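What follows is a set of notes on a single structure, which appears directly below.
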Amino acid sequence: VQLQASGGGLVQAGSSLRLSCAASGRTFSSYTMAWFRQAPGKGREFVAGIRYSGTTHYAASAKGRFTISRDNVRNTVYLQMDSLKPEDTAVYYCAGDRGIILSAMTDQAQYDYWGQGTQVTVSS
């Protein structure tokens with residue numbers, strides 16, 4: 001599976017962005033997909049994830065502002081980000097793999113497939 005992330009950009013605080021992650025391969029619908037981010041000088045952290053069943057999970061920092069969704073026909077996962085804050089500035093990565101249980105969704109070591117990252121910059 002190859003993942004291609006897009007949709008990042010420079011926006012003002014309070015704005016919205018929608019990230020997309022297009023996947024190749026026929027087994028996308030069976031994959032758990034997730035978004036991680038890495039801010040300058042920090043480690044990569046979990047943002048949101050969605051299982052093949054549609055079950056979602058969010059980091060506390062994303063809950064209520066971000067929405068993850070998937071389109072299994074288009075083999076694409078989305079991250080709708082609203083009410084963006086300067087602290088959301090980071091490179092955002094999509095990741096995917098099969099067989100990831102809900103409790104392990106936040107663990108980046110569970111994912112074998114990663115996109116190249118897309119930069120999100122939020123100005124104050």
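The values are calculated or read from the model by the stated rules, or taken from the named source; none is laboratory data. Because the structure is a prediction, the values reported are computed rather than measured. Please note: Cβ atoms are built from the backbone with ideal geometry, for glycine as well, and neighbour counts cover all protein chains shown. Just the protein is used for accessible areas: all its heavy atoms, side chains included, with ligands, DNA and RNA removed. Shrake-Rupley method; radii C 1.70, N 1.55, O 1.52, S 1.80 Å.
Two decimals is fine: what is log10 I(q)/I(0) at q = 0.15, 0.21, 0.22 Å⁻¹ for the chain, from a Debye sum with one equal scatterer on every Cα and no solvent?
The Cα Debye sum returns log10 ratios of -0.59, -1.17, -1.29.
Measuring from label point to label point, each 7 Å out along Cα→Cβ, what is the Arg26 to Ser123 span in nm?
Placing both labels 7 Å along Cα→Cβ, they lie 4.8 nm apart.
Pop a pseudo-label 7 angstrom from the Cα along the beta-carbon direction at both Arg74 and Asp97 and give the gap in nm to one decimal.
2.7 nm
By what distance, in whole Å, do the Cα atoms of segment 54-105 stretch along each of the three principal axes, largest value first?
If we take the Cα atoms of segment 54-105, the spans are 33, 27, 20 Å.
If you place +1 on the Cβ of every Lys and Arg and -1 on the Cβ of every Asp and Glu, how big does the dipole about the Cα centre of segment 47-110 come out, in debye to the nearest 20?
Here the size comes out at about 180 debye.
Within segment 82-101, find all residues whose amide N lies under 11 Å from a label point positioned 7 Å from the Cα of Asp112 along Cα-to-beta-carbon.
The answer is 97-99.
Which value, in debye to the nearest 20, describes the size of the charge dipole of the chain about its Cα centre when Lys and Arg Cβ atoms bear +1, Asp and Glu Cβ atoms bear -1, and nothing else is charged?
On the way: 12 positive and 8 negative charges, 33 e Å.
Here the chain has a charge dipole of around 160 debye.
In nm, to one decimal, how far is the Arg18 label point from the Ala60 one, both placed 7 Å along Cα→Cβ?
If labels sit at Arg18 and Ala60, their model points lie 3.0 nm apart.
Just the accessible area per residue of the chain, please: how many Å² with a 1.4 Å probe?
With the other protein chains kept in place, the chain gives 50 Å² per residue.
Using a 1.4 Å probe on the protein heavy atoms, what percent of the accessible area of the chain belongs to carbon and sulfur?
Answer for the chain: carbon and sulfur cover 46 percent of the accessible area.
Go through Ser61, Met33, Ala109 and say which Cα lies farthest out towards the positive end of the charge dipole of the chain; charges sit on Cβ, +1 for Lys and Arg, -1 for Asp and Glu.
Of Ser61, Met33, Ala109, it is Met33.
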